[in-house]
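To start, the structure itself, in structure tokens.
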Amino acid sequence: MDLRFGDSKPTDEERAAVDALLGPPESAWEAAPGSFVDRTSADLRWARGGRAARERRDLLLPGLHAVNDRVGWISEGALAYLCRRLTVPPAEAYGVATFYSMFSVRPRPATVVQVCTDLACGARGAAGLCAGMEAAGVPFERSPCLGLCERAPAALVVRAGEPPVHAVVAPARAEAVAKAARVPHDAPAEPGAAHAVPQAGEEGLVLLRRVGAVDPYSLDEYRAHGGYAALRRAFALGPAGVIREVTEAGLVGRGGAAFPTGRKWQATAAQPDGPHYVVCNADESEPGTFKDRVVMEGDPYALVEAMTVAGYAVGAHRGYLYLRGEYPRALHRLEHAVGQARARGLLGDDVLGQGYAFDIEIRRGAGAYICGEETALFNSIEGRRGEPRSKPPFPVEKGLFGKPTAANNVETLVNVLPILTGGAAAFAAAETKLFCVSGSVERPGVYELPFGATLGELLGLAGPPERLRAILLGGAAGGFVRPDELDIPLTFEGTRAAGTTLGSGVVLVLDDSVALPRVLLRIAEFFRDESCGQCVPCRVGTVRQEEALRRIAERTGAAAADDIALLREVGRAMRDASICGLGQTAWNAVESAIDRLGAYA
């Protein structure tokens, strides 16, 4: 049975938010109850021809954002009106609205304060910040990682309105967060993106060389620093030539899977079905990951250019940039960059006068870690719950909207630019990787190092603690290593040989002041909260894992043995039978802590 909202009506503010996105209703069929007194014969014809409305289903998430941004929550009347405008069954829309953590279907204050309590912020005083907030009587929500780990602990203040106001407070103190909650307009501006790059201005940087060196709003400065040379070379090479260069360079995906990018592009380009799409996965939600945010905030035109190159290579004329909803500054700068690129003929019907049409649409995520999985991300763009799809078919065959799609993350895409400007051989000889270093170090931030540098060399740059307890590689889905394993080479092969993972480049450093069982429990809570619930091993396993870790939080040795045995059994079931990477990796960090660090021994 379908869920119906009866005669609930939107407020004027809610209706205005939806109409600003979709345009005013054209018939009584689309309008809110009572808005049109009489239905005409034209209205009835429109109702029978509702296919066009159904094809706008992908605007459901932007519509929910529009109401949530304007009012602060989504009422039954607003949801019903949005459903009517898009011809989406209310039950489905309700399922979507309640899937994403940034939306609320219950009344709440216009100002929402999110305090990150995840791993990096936990290591830098998030518990004290929360205690201070409670003592000050300031309402707040405990949040998973906000991607501000280099300035931990962090808080994000969002005040609904037209336009909504965002204030980032990091490093955060309770007094500063309370003040930002009262008057977010007056919150101090964030430091520049270069603040997150301790190496900024140094020789040898490739991916970060423009961060801090150019005005991220200036297209002219971007071009003066080598911007759009790669796209010009791409047009000179032709699509097949671009794919050949990327393949010969040996570029692999930087999101953690390390799949060869050239092979993915070739497989997409070869599909006879169309249209083809390019999707940029900028929903970096792995706790401890913030490198893509820094690139987007400091060098946004690089991503716009790289997506255009990717689109040209695979035969796509439209690209979607799926951005974390918690990145308001990156959103603003990317919207500006896309607008400037359109105005200057670098996007649109005739890119650089080459007769190639390509444009980019930015879609905001809404708080769901699982949407970092590419097929869950496709579902989210299509206006559905962010639940992963079974593979095969793979995205290169049936991806976004069921069409061939090349999906890459931000770091992977911006690597294409030096491949084209410097050549595949030069790139392969000096390939670099971005690392997000956070936790108990003197200089947290994004570091760019050649592949093959050791973990010890990276920590030497960041300033390790005197009493190093452990390093978490790859984030919550990764694994712990010991202080005596600093000679591990930071490559996909090197970390794999060492029995751990490079993942997306997270390097979270913990000193001996951090309670390891508390860290493991936080990881388990994260996976419990972020499981989409679609498959049983993950839905049940993440809960059982968290329960067991809670029971043994204060136990060791024989007192913890039974629960550790249970954890191993549950972990194997999740790894073997979950349908996506979330469930398959939810046990990794806990297992490595038990086996490598001797947790609970």
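The values are calculated or read from the model by the stated rules, or taken from the named source; none is laboratory data. Here the structure is a predicted model, which means the values were calculated and not measured. Using ideal geometry, Cβ is built from the backbone for each residue, glycine included, and neighbour counts are taken over all protein chains shown. Heads up: the accessible areas ignore ligands, DNA and RNA and are worked out on the full protein's heavy atoms, side chains in. Shrake-Rupley method; radii C 1.70, N 1.55, O 1.52, S 1.80 Å.
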Non-local residues with an amide H under 5 Å from the amide H of residue 452, with H modelled 1.01 Å from N and Pro and chain starts lacking one, are 490, 491
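Which net charge results for the neighbourhood of residue 147, defined as the other residues with beta-carbon distances under 12 angstrom from its beta-carbon, given Lys and Arg at +1 and Asp and Glu at -1?
-3
Summing -39500 (n - 2.57) over the DSSP H runs of n ≥ 4 in the chain and dividing by its residue number, what mean residue ellipticity at 222 nm do you reach, to the nearest 500 deg cm²/dmol? List each step's numbers first, then the result.
Numbers: 26 runs with 259 residues, N = 601.
About -12500 deg cm²/dmol.
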With labels modelled as points extended 7 Å from the Cα through the Cβ direction, what inter-label distance (nm, one decimal) is found for residue 21 paired with residue 561? 5.7 nm
Full extension between residue 487 and residue 54 adds, at 0.36 nm per residue less the Cα distance, a length in nm of 150.3 nm
If each of residue 601 and residue 354 carries a label point 7 Å out from its Cα toward its Cβ, how far apart are those two points in nm? 5.7 nm
Enumerate the amide H contacts of residue 360 below 5 Å, restricted to partners 5 or more residues apart or on another chain; note that Pro and chain-start residues carry no placed amide H. 319
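Per-residue counts of other Cβ atoms within 10 Å, averaged by peptide: what ranking do you get for 283-296, 258-271, highest first? Mind showing how you got there, number by number?
Working: 283-296: 28.2, 258-271: 19.4.
The densest-packed peptide leads the list: 283-296, 258-271.
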Assuming R0 = 30 Å, can you tell me the calculated FRET efficiency for the pair residue 76 and residue 318, based on Cβ-Cβ distance, to the nearest 0.05? 0.30
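What is segment 154-205 by shape, rounded, prolate or oblate, if you read a ≥ b ≥ c off the alpha carbon gyration tensor as root eigenvalues and call it rounded for a/c under 1.5, prolate for a/b larger than b/c, and oblate otherwise?
Numbers: a/c = 3.87, a/b = 2.13, b/c = 1.82.
Because a/c hits 1.5 or more and a/b exceeds b/c, segment 154-205 counts as prolate.
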I need the phi-derived Karplus couplings for segment 174-185: 6.51 cos²θ - 1.76 cosθ + 1.60, θ = phi - 60°, integer Hz, Gly and Pro marked x. 4, 5, 5, 5, 4, 5, 5, 5, 6, 9, x, 4
The ³J(HN,Hα) series, computed from each phi in segment 282-296 with the Karplus coefficients 6.51, -1.76 and 1.60 at θ = phi - 60°, rounded to the nearest Hz and given as x for glycine or proline, is 10, 9, 5, 10, 5, x, x, 9, 8, 5, 5, 4, 5, 5, 5
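Are there GluC sites (Glu not before Pro) in segment 154-243 that DSSP puts in a loop and that have at most 15 other Cβ atoms within 10 Å, and which ones? Intermediate results must be reported in sequence, preceding the final value.
Numbers: sites: 175, 202, 203, 221; in loops: 202, 203.
Within segment 154-243, the qualifying GluC sites (Glu not before Pro) (loop, at most 15 other Cβ atoms within 10 Å) are 202, 203.
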For segment 274-347, with the dipole built from +1 on Lys and Arg beta-carbon atoms and -1 on Asp and Glu ones, taken about the Cα centre, which of 285, 295, 317 lies farthest toward the positive end? 317
Taking all protein chains in place and a 1.4 Å probe, what share, in percent, of the accessible surface of segment 277-344 do carbon and sulfur account for? 45 percent
Modelling each spin label as a point 7 Å along the Cα-to-Cβ direction, I'd like the residue 248/residue 382 distance in nm, to one decimal. 3.8 nm
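Per residue, how large is the accessible surface of segment 452-592? Use a 1.4 angstrom probe and give square angstrom. Kindly include the intermediate steps, with their values, before the conclusion.
Numbers: 5660 Å² over 141 residues.
In whole numbers, segment 452-592 has 40 Å² accessible per residue.
How long is the gain from residue 539 to residue 259 if the chain were fully straight, where each residue apart is worth 0.36 nm and the alpha carbon distance is subtracted? Don't skip to the end; give the middle numbers.
Details: separation 280, 0.36 × 280 = 100.80 nm, distance 2.72 nm.
Going from the current span to full extension adds 98.1 nm.
Give, as a single signed number, the net charge of other residues whose beta carbon lies under 12 Å from the beta carbon of residue 547, with Lys and Arg counted +1 and Asp and Glu -1.
Details: positive: 528, 544, 550, 551; negative: 525, 546, 563.
Once all neighbours under 12 Å are counted, the net charge is +1.
Where does segment 463-526 land on the Kirkwood hydrodynamic radius, alpha-carbon pairs, in angstrom?
Numbers: mean 1/r = 0.0820 Å⁻¹.
Hydrodynamic radius (Kirkwood, Cα only) of segment 463-526 equals 12.2 Å.
Output the relative contact order of the chain, whole-number percent, from Cα pairs under 8 angstrom with separation of 6+ residues.
Numbers: 1202 pairs, mean separation 71.7, N = 601.
It comes to 12 percent, rounded to a whole number.
With the full set of protein chains in place, find how many percent of the accessible area of segment 363-506 is carbon and sulfur; take the probe as 1.4 Å. Could the numbers behind the result be given before it?
On the way: 2440 of 4530 Å².
Ligands and nucleic acids excluded, carbon and sulfur give 54 percent.
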5 Å is the cut-off here: which amide hydrogens, built 1.01 Å from N in the peptide plane, fall below it relative to residue 143, excluding neighbours closer than 5 in sequence? 115, 116, 117
Note to self: Kirkwood Rh of segment 194-258, Cα pairs, one decimal, Å, is 14.1 Å
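Mind ordering 533-539, 522-528 by average Cβ neighbours within 10 Å, highest first?
Details: 533-539: 18.6, 522-528: 22.7.
Output ranking for 533-539, 522-528: 522-528, 533-539.
On the accessible surface of segment 69-123, probed at 1.4 Å, how many percent belong to carbon and sulfur atoms?
Working: 950 of 1780 Å².
Result for segment 69-123: 53 percent of the exposed heavy-atom area is carbon or sulfur.
Suppose every K and R has +1 on its Cβ and every D and E has -1 on its Cβ; what is the size of the dipole of the chain about the Cα centre, in Debye to the nearest 20?
Details: 65 positive and 73 negative charges, 192 e Å.
For the chain, the charge dipole is close to 920 debye.
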Run the numbers on segment 200-292 and let me know its relative contact order in percent, using alpha-carbon pairs under 8 Å that are six or more apart. 11 percent
Give the cross-link partners of residue 391 among the aspartates and glutamates, using a straight C-alpha distance below 20 Å as the criterion and excluding same-chain residues fewer than 8 apart. 273, 373, 374, 382, 576
Got a sec to turn the phi values of segment 304-317 into Karplus ³J(HN,Hα) couplings, 6.51 cos²θ - 1.76 cosθ + 1.60 with θ = phi - 60°, whole Hz, x for Gly and Pro? 4, 5, 5, 5, 5, 4, 4, x, 4, 5, 9, x, 9, 10
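With every protein chain kept in place and ligands, DNA and RNA left out, what is the accessible area per residue of segment 235-344? Probe 1.4 Å, answer in Å². The partial results should precede the final answer.
Working: 3200 Å² over 110 residues.
Roughly 29 Å² per residue, with all protein chains present.
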Using R₀ = 56 Å, calculate the FRET efficiency as 1/(1 + (r/R₀)^6) where r is the Cβ-Cβ separation of residue 498 and residue 217; round to 0.05. 0.85
